[in-house]
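The values are calculated or read from the model by the stated rules, or taken from the named source; none is laboratory data. Since the structure is predicted, the reported quantities are computational estimates derived from the model, not experimental observations. No Cβ is skipped: glycine too gets one built from the backbone with ideal geometry, and neighbour counts run over all protein chains shown.
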Amino acid sequence: MGLLSVDMPPPKNLDVIYVGGESLSRKLTAASLQGLVNRRLPRVYLLFNEPLDSDYKWLETYISGYGLEVSYLKNLEEFVRKYVDIFQGFTIYDPQLLQSIPIAIMLSALDNTLIASPEDVDELMELSGKPIVNNFVGRWKNSLDAVEWSLKNLWPETNHNLVASMPLDRFPHVIQITDFLILKQPFTFMLSVLPDKDPEEFAMFDKVLSMCRGG
(Lines give C-alpha, C1' and ligand atoms only; values in the text may rest on other atoms or scores of the structure.)
Protein backbone atom coordinates (compact mmCIF):
# COMPACT_ATOMS: atom_id res chain seq x y z
CA MET A 1 0.00 0.00 0.00
CA GLY A 2 1.05 3.64 -0.03
CA LEU A 3 0.21 6.71 1.99
CA LEU A 4 -0.37 10.20 0.65
CA SER A 5 0.70 12.98 2.98
CA VAL A 6 -1.64 15.95 3.12
CA ASP A 7 1.45 18.15 2.76
CA MET A 8 2.20 16.80 -0.71
CA PRO A 9 0.62 17.48 -4.09
CA PRO A 10 -1.06 14.47 -5.71
CA PRO A 11 1.14 12.60 -8.21
CA LYS A 12 0.44 12.31 -11.92
CA ASN A 13 2.12 8.94 -12.35
CA LEU A 14 2.18 5.90 -10.11
CA ASP A 15 4.41 2.83 -10.12
CA VAL A 16 2.70 -0.27 -8.74
CA ILE A 17 4.57 -3.37 -7.55
CA TYR A 18 3.08 -6.60 -6.25
CA VAL A 19 5.18 -7.94 -3.36
CA GLY A 20 2.68 -10.34 -1.81
CA GLY A 21 4.64 -13.39 -2.90
CA GLU A 22 8.01 -12.07 -1.73
CA SER A 23 9.89 -13.09 1.41
CA LEU A 24 9.59 -10.97 4.54
CA SER A 25 13.06 -9.52 3.96
CA ARG A 26 12.36 -8.53 0.36
CA LYS A 27 9.05 -6.96 1.37
CA LEU A 28 11.00 -4.88 3.87
CA THR A 29 13.48 -3.81 1.20
CA ALA A 30 10.64 -2.80 -1.11
CA ALA A 31 8.82 -0.95 1.66
CA SER A 32 11.93 1.02 2.60
CA LEU A 33 12.50 2.08 -1.01
CA GLN A 34 8.84 3.03 -1.26
CA GLY A 35 9.30 5.22 1.82
CA LEU A 36 12.37 6.98 0.42
CA VAL A 37 10.70 7.61 -2.94
CA ASN A 38 7.35 8.70 -1.53
CA ARG A 39 8.67 11.20 0.98
CA ARG A 40 9.58 13.39 -2.01
CA LEU A 41 6.39 12.71 -3.98
CA PRO A 42 4.02 9.73 -3.62
CA ARG A 43 4.93 7.82 -6.76
CA VAL A 44 5.01 4.18 -5.59
CA TYR A 45 2.23 1.86 -4.43
CA LEU A 46 2.97 -1.62 -3.07
CA LEU A 47 0.42 -4.40 -3.28
CA PHE A 48 0.96 -6.71 -0.31
CA ASN A 49 -2.24 -8.73 -0.54
CA GLU A 50 -4.32 -10.64 -3.04
CA PRO A 51 -6.95 -9.15 -5.42
CA LEU A 52 -10.23 -8.08 -3.79
CA ASP A 53 -8.31 -7.00 -0.69
CA SER A 54 -8.14 -3.41 0.56
CA ASP A 55 -4.82 -2.75 -1.22
CA TYR A 56 -6.57 -3.10 -4.57
CA LYS A 57 -9.64 -1.15 -3.52
CA TRP A 58 -7.52 1.80 -2.40
CA LEU A 59 -5.49 1.62 -5.61
CA GLU A 60 -8.68 1.87 -7.66
CA THR A 61 -9.79 4.81 -5.52
CA TYR A 62 -6.50 6.67 -6.06
CA ILE A 63 -6.49 6.01 -9.81
CA SER A 64 -10.06 7.20 -10.31
CA GLY A 65 -9.84 10.05 -7.82
CA TYR A 66 -6.60 11.57 -9.12
CA GLY A 67 -6.60 10.39 -12.73
CA LEU A 68 -3.26 8.68 -12.29
CA GLU A 69 -1.27 7.11 -15.10
CA VAL A 70 -0.18 3.72 -13.75
CA SER A 71 2.87 1.62 -14.60
CA TYR A 72 3.24 -1.90 -13.23
CA LEU A 73 6.80 -2.89 -12.32
CA LYS A 74 7.56 -6.60 -12.67
CA ASN A 75 9.51 -7.21 -9.48
CA LEU A 76 11.77 -5.81 -6.78
CA GLU A 77 14.78 -5.82 -9.08
CA GLU A 78 13.07 -3.54 -11.60
CA PHE A 79 11.94 -1.31 -8.74
CA VAL A 80 15.50 -0.98 -7.39
CA ARG A 81 16.97 -0.29 -10.83
CA LYS A 82 14.43 2.44 -11.57
CA TYR A 83 15.03 4.32 -8.32
CA VAL A 84 18.70 3.54 -7.76
CA ASP A 85 19.55 7.25 -7.49
CA ILE A 86 17.21 7.67 -4.50
CA PHE A 87 19.28 5.70 -1.95
CA GLN A 88 22.90 5.72 -0.80
CA GLY A 89 23.37 2.09 0.18
CA PHE A 90 22.08 -0.60 2.53
CA THR A 91 21.34 -1.10 6.20
CA ILE A 92 21.48 -4.78 7.16
CA TYR A 93 19.27 -5.93 10.01
CA ASP A 94 19.93 -8.96 12.21
CA PRO A 95 17.40 -11.74 11.46
CA GLN A 96 18.04 -13.12 14.95
CA LEU A 97 16.98 -9.88 16.65
CA LEU A 98 13.70 -8.30 15.58
CA GLN A 99 14.51 -5.06 17.42
CA SER A 100 17.21 -4.41 14.82
CA ILE A 101 14.44 -3.89 12.24
CA PRO A 102 12.95 -0.72 13.85
CA ILE A 103 16.50 0.60 14.10
CA ALA A 104 17.04 -0.18 10.42
CA ILE A 105 13.82 1.68 9.59
CA MET A 106 15.02 4.79 11.44
CA LEU A 107 18.39 4.66 9.70
CA SER A 108 16.75 4.09 6.35
CA ALA A 109 15.18 7.52 6.82
CA LEU A 110 18.24 9.19 8.32
CA ASP A 111 20.90 7.71 6.01
CA ASN A 112 18.85 7.23 2.82
CA THR A 113 19.47 3.49 2.87
CA LEU A 114 17.48 0.44 1.86
CA ILE A 115 16.83 -2.20 4.49
CA ALA A 116 18.20 -5.61 3.56
CA SER A 117 18.79 -9.01 5.10
CA PRO A 118 22.26 -10.60 5.14
CA GLU A 119 20.98 -13.18 2.63
CA ASP A 120 19.76 -10.60 0.11
CA VAL A 121 22.31 -7.83 0.35
CA ASP A 122 25.00 -9.21 -1.99
CA GLU A 123 22.54 -9.51 -4.87
CA LEU A 124 21.14 -6.05 -4.14
CA MET A 125 24.63 -4.53 -4.03
CA GLU A 126 25.50 -6.10 -7.38
CA LEU A 127 22.21 -4.87 -8.84
CA SER A 128 22.59 -1.29 -7.62
CA GLY A 129 26.31 -0.73 -7.26
CA LYS A 130 25.66 0.69 -3.79
CA PRO A 131 27.61 -0.22 -0.59
CA ILE A 132 26.66 -1.44 2.86
CA VAL A 133 26.30 1.61 5.12
CA ASN A 134 25.16 -0.07 8.36
CA ASN A 135 25.46 -3.72 9.39
CA PHE A 136 23.71 -4.78 12.59
CA VAL A 137 24.25 -8.54 12.42
CA GLY A 138 25.48 -9.58 15.88
CA ARG A 139 25.64 -5.94 17.02
CA TRP A 140 23.48 -6.36 20.14
CA LYS A 141 22.87 -9.34 22.41
CA ASN A 142 19.19 -8.58 23.05
CA SER A 143 16.39 -6.07 22.49
CA LEU A 144 17.22 -4.06 25.60
CA ASP A 145 20.78 -3.43 24.40
CA ALA A 146 19.48 -2.44 20.97
CA VAL A 147 16.93 0.03 22.36
CA GLU A 148 19.50 1.55 24.73
CA TRP A 149 21.82 2.09 21.76
CA SER A 150 19.09 3.62 19.65
CA LEU A 151 17.97 5.95 22.45
CA LYS A 152 21.53 7.20 22.81
CA ASN A 153 22.36 7.47 19.11
CA LEU A 154 19.09 7.96 17.22
CA TRP A 155 16.67 9.62 19.64
CA PRO A 156 18.15 13.11 19.06
CA GLU A 157 17.63 12.73 15.29
CA THR A 158 14.02 11.51 15.36
CA ASN A 159 10.66 13.26 15.38
CA HIS A 160 9.59 13.66 19.01
CA ASN A 161 6.00 14.49 18.11
CA LEU A 162 5.45 10.84 17.33
CA VAL A 163 6.65 7.46 18.61
CA ALA A 164 6.10 4.09 16.94
CA SER A 165 5.84 0.86 18.92
CA MET A 166 5.81 -2.11 16.55
CA PRO A 167 3.78 -5.00 18.04
CA LEU A 168 5.73 -8.23 18.27
CA ASP A 169 2.69 -10.39 17.54
CA ARG A 170 1.74 -8.52 14.37
CA PHE A 171 5.18 -7.70 13.02
CA PRO A 172 4.76 -9.00 9.44
CA HIS A 173 1.73 -6.75 9.00
CA VAL A 174 3.37 -3.55 10.24
CA ILE A 175 5.88 -3.72 7.40
CA GLN A 176 3.11 -2.08 5.40
CA ILE A 177 3.52 1.20 7.32
CA THR A 178 7.29 1.39 6.77
CA ASP A 179 6.82 4.17 4.20
CA PHE A 180 4.89 6.23 6.78
CA LEU A 181 7.62 5.71 9.40
CA ILE A 182 10.29 6.82 6.93
CA LEU A 183 8.25 9.90 6.03
CA LYS A 184 7.54 10.98 9.62
CA GLN A 185 10.78 9.68 11.23
CA PRO A 186 9.46 8.85 14.72
CA PHE A 187 11.52 6.96 17.27
CA THR A 188 10.62 3.36 16.45
CA PHE A 189 11.05 0.29 18.63
CA MET A 190 9.72 -3.21 19.31
CA LEU A 191 9.33 -4.28 22.95
CA SER A 192 6.92 -6.31 25.03
CA VAL A 193 4.11 -4.25 26.58
CA LEU A 194 3.19 -7.03 29.03
CA PRO A 195 4.82 -6.48 32.46
CA ASP A 196 4.10 -10.05 33.58
CA LYS A 197 5.65 -11.57 30.48
CA ASP A 198 8.85 -9.51 30.30
CA PRO A 199 9.22 -6.93 33.09
CA GLU A 200 12.58 -5.66 31.83
CA GLU A 201 11.28 -4.95 28.34
CA PHE A 202 8.16 -3.35 29.79
CA ALA A 203 10.35 -1.08 31.95
CA MET A 204 12.26 -0.03 28.84
CA PHE A 205 8.97 0.56 27.03
CA ASP A 206 7.91 2.84 29.87
CA LYS A 207 11.27 4.64 29.70
CA VAL A 208 10.71 5.46 26.04
CA LEU A 209 7.24 6.80 26.76
CA SER A 210 8.63 8.84 29.64
CA MET A 211 11.13 10.46 27.29
CA CYS A 212 8.24 11.34 24.96
CA ARG A 213 6.53 13.07 27.86
CA GLY A 214 9.70 14.96 28.66
CA GLY A 215 10.50 12.83 31.69
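The conditions are (1) modelled with pLDDT of 90 or more; (2) touching a Lys or Arg at 6+ places or on another chain (Cβ under 7 Å), and ILE175 fails exactly one of them. Which is it?
(1)
Within the range 90-110, track down each residue that is surrounded by fewer than 17 Cβ atoms within 10 Å (Cβ to Cβ), closer than 23 Å to GLU200 by Cα and within 16 Å of the chain's Cα centre (by Cα). Let's see the steps before the verdict.
Just the residues of the range 90-110 that are surrounded by fewer than 17 Cβ atoms within 10 Å (Cβ to Cβ), to begin with: 95-96, 98, 110.
Now restrict to residues that are closer than 23 Å to GLU200 by Cα: 95-96, 98.
PRO95, LEU98, listed by residue number.
Just wondering, is there one or more residues in the range 111-131 that are surrounded by fewer than 20 Cβ atoms within 10 Å (Cβ to Cβ), within 20 Å of PHE180 (Cβ to Cβ) and charged (D, E, K, R)?
Scanning the range 111-131 turns up at least one residue that is surrounded by fewer than 20 Cβ atoms within 10 Å (Cβ to Cβ), within 20 Å of PHE180 (Cβ to Cβ) and charged (D, E, K, R).
Go through (1) under 24 Å from ASP206 (Cα atoms); (2) at pLDDT below 95; (3) not in a strand (DSSP E or B) and name the single condition HIS160 misses.
Evaluating HIS160 over (1) under 24 Å from ASP206 (Cα atoms); (2) at pLDDT below 95; (3) not in a strand (DSSP E or B) leaves (3) as the failure.
Each row is one residue, and each column tells you yes or no for (1) touching a helix residue (DSSP H, G or I) at 6+ places or on another chain (Cβ under 8 Å); (2) within 29 Å of LEU114 (Cβ to Cβ); (3) of a type in the set (Ser, Thr, Tyr).
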{"position": "ILE177", "(1), (2), (3)": "no, yes, no"}
{"position": "LEU183", "(1), (2), (3)": "yes, yes, no"}
{"position": "PRO186", "(1), (2), (3)": "no, yes, no"}
{"position": "LYS197", "(1), (2), (3)": "no, no, no"}
{"position": "GLU201", "(1), (2), (3)": "yes, yes, no"}
{"position": "MET204", "(1), (2), (3)": "yes, yes, no"}
{"position": "VAL208", "(1), (2), (3)": "yes, yes, no"}
{"position": "MET211", "(1), (2), (3)": "yes, yes, no"}
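SER210 passes all but one of (1) among the hydroxyl-bearing types (Ser, Thr, Tyr); (2) out of contact with any Asp or Glu (no Cβ under 9 Å at 6 or more places or on another chain); (3) in contact (Cβ under 8 Å) with a residue 24 or more places away in the chain; which number fails?
All conditions pass for SER210, except number (3).
In the list LEU33, LEU47, LEU68, which residue meets the criterion of being of a type outside the set (S, T, N, Q), in contact with a Leu (Cβ under 8 Å, 6 or more places away or on another chain) and farther than 25 Å from THR113 by Cβ? Walk me through it before giving the result.
Numbers: LEU33 fails: farther than 25 Å from THR113 by Cβ; LEU47 fails: farther than 25 Å from THR113 by Cβ.
Answer to the selection: LEU68.
List, please: which pairs have Cβ atoms under 9 Å, are six or more places apart or on different chains, and start with a residue in the range 174-194 that is at positive phi and end with one that is of a type in the set (A, V, I, L, M)?
GLN185/MET106; GLN185/ALA109; GLN185/LEU110; GLN185/LEU162
Restricting attention to helices (runs of 4 or more DSSP H) lying wholly within the range 82-156, give those where 1 or more residues are touching a Pro at 6+ places or on another chain (Cβ under 9 Å) and free of Cβ contacts under 8 Å to residues at least 60 places away in the same chain.
In the range 82-156, 121-128, 143-153 are the helices (runs of 4 or more DSSP H) which contain 1 or more residues that are touching a Pro at 6+ places or on another chain (Cβ under 9 Å) and free of Cβ contacts under 8 Å to residues at least 60 places away in the same chain.
Kindly evaluate LEU127 against the criterion of being over 16 Å from the mean Cα position of the chain (by Cα) and either among the β-branched types (Val, Ile, Thr) or at pLDDT 95 or above (or both). Before the answer, list the steps.
Values: over 16 Å from the mean Cα position of the chain (by Cα): yes; either among the β-branched types (Val, Ile, Thr) or at pLDDT 95 or above (or both): yes.
Judged against the criteria, LEU127 is a match.
Which ones in the range 163-183 are assigned to a helix (DSSP H, G or I) and either more than 11 Å from the chain's Cα centre (by Cα) or farther than 30 Å from LEU47 by Cβ (or both)? Talk me through it step by step, then tell me what you get.
So the first thing to find is which residues in the range 163-183 are assigned to a helix (DSSP H, G or I), and the list is 168-183.
LEU168, ASP169, ARG170, PHE171, PRO172, HIS173 - these are the residues of the range 163-183 that are assigned to a helix (DSSP H, G or I) and either more than 11 Å from the chain's Cα centre (by Cα) or farther than 30 Å from LEU47 by Cβ (or both).
Does MET125 meet the test of being farther than 22 Å from LEU47 by Cβ and touching a Ser or Thr at 6+ places or on another chain (Cβ under 7 Å)? Before the answer, list the steps.
Details: farther than 22 Å from LEU47 by Cβ: yes; touching a Ser or Thr at 6+ places or on another chain (Cβ under 7 Å): no.
It is false that MET125 is farther than 22 Å from LEU47 by Cβ and touching a Ser or Thr at 6+ places or on another chain (Cβ under 7 Å).
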